[in-house]
Amino acid sequence: MEKQNPKILTIGKVDLEKLRKDIVDIPNQRQFPLQGLNAEDKDSSISYDLKVRDNEEDYIVRLYDHMDYTYSVIDDFDLYRTRYMYLPSITNYGVHKDRTPRIHIPIETNHNCFFVLDDEVIRLPADGSVYWVDTTLTHTFVNANAHLAKFVRVHLIGNTKLSLQQARSLADRL
């Protein structure tokens, strides 16, 4: 078994085509929340709306009646505050640290899309892998596709309670 980077661990596999089918008809916006505080507040889990007093673990209410496969993945990995994240070409996120590790499932990506995690460049292929990422470390994400002006990187991202030890245990089973 190859040694995995302790900052990012592969902990499972999903059916990418089913995830892609679930998102065909949703808007292509920076963040598309899938869970919230209540079913009426579709924007409740978008990060700029989070208030310091908010407990992210409360963002568990399913916001849509369709996307059955996506919600089965959310349930399988016990995710909360889950969303589809879209990053257009030639853009990046500001450098930051999250409160908890995140689960990342790349849906659409290529070699010009990458994490900079704790000063290390890391590429996650869209091959159906489920990644536990220690986003409590300083990080950003870059879509540097200058030659593909309309290429949008898409990840399914959810918060997780999995510790590094628990993630390692799942990774060792693969």
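The values are calculated or read from the model by the stated rules, or taken from the named source; none is laboratory data. Values in this document were obtained by computation on a predicted structure and should not be read as measured data. We place every Cβ from the backbone using ideal geometry, glycine too, and count neighbours over all the protein chains shown.
Selection of segment 34-65 for residues being outside any loop (DSSP other than H, G, I, E, B) and either closer than 30 Å to R173 by Cα or at pLDDT 90 or above (or both) yields Q35, E56, E57, D58, V61, R62. Filtering segment 116-136 to residues that are in a strand (DSSP E or B) and within 16 Å of A167 (Cβ to Cβ) leaves L117, I122, S129, V130, Y131, W132, V133.
Taken over segment 119-130, the criterion of being out of contact with any helix residue (DSSP H, G or I) (no Cβ under 9 Å at 6 or more places or on another chain) and either crowded, with 20+ Cβ neighbours inside 10 Å or not small (G, A, S) (or both) is satisfied by D119, E120, V121, I122, R123, L124, P125. Applying a threshold of 6 Å to beta carbon distances and a minimum spacing of six or more residues, or different chains, the list of pairs starting in segment 163-174 at a residue that is of a type in the set (G, A, S) and ending at one that is at pLDDT 90 or above and surrounded by 13 or more Cβ atoms within 10 Å (Cβ to Cβ) reads A167/L9; A167/I11; A167/W132; A171/L9; A171/T10; A171/I11. Exactly one residue out of L170, L156, L148 is among the hydrophobic types (A, V, I, L, M, F, W, C) and assigned to a loop (DSSP other than H, G, I, E, B): that is L148.
The single residue among V116, V142 that is buried (at least 17 other Cβ atoms within 10 Å of the Cβ), in contact with a Ser or Thr (Cβ under 9 Å, 6 or more places away or on another chain) and over 19 Å from P33 (Cα atoms) turns out to be V142.
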